[in-house]
């Protein structure tokens, strides 16, 4: 009996540690709960824009992203922003857009200093990428959209 309990505990531990983003997934889920949702089961792209962001980087990234998205991408792309001076109207039909009025992005379990792209699948974070002026085109490119459409 002791070996069965030990085996179950060990298997549980192995499965709970297989994702390096467990803490971050919990933080993203907490943020999404403010909008009565959670991390999507299907491939999904979350774009987080905190208040203190490089405005030029945010604008460039959003221009690139807008050019890549089509209307039927809306269920797979979510933009969550705090207060920014960028027009998000072009995304109304292409993405789910939420305003973070409680500054919850700042309370995430990892630092978000600029526009951040989070890729998820099966309810877990697969990748987190921070956008800056040097890597905009490497991060916001057709490959990122191809991955969410799989």
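The values are calculated or read from the model by the stated rules, or taken from the named source; none is laboratory data. Owing to the predicted nature of the structure, the values given are computational and were not obtained by experimental measurement. As a convention, Cβ positions derive from the backbone with ideal geometry for all residues, glycine included, and neighbour counts pool all protein chains shown.
Residues that are under 21 Å from residue 56 (Cα atoms) and modelled with pLDDT under 90 within the range 104-133 comprise 106, 111, 112, 113, 114, 132, 133, listed in sequence order. Within the range 129-146, being under 20 Å from residue 112 (Cβ atoms) and exposed (fewer than 13 other Cβ atoms within 10 Å of the Cβ) holds for 133, 134, 138.
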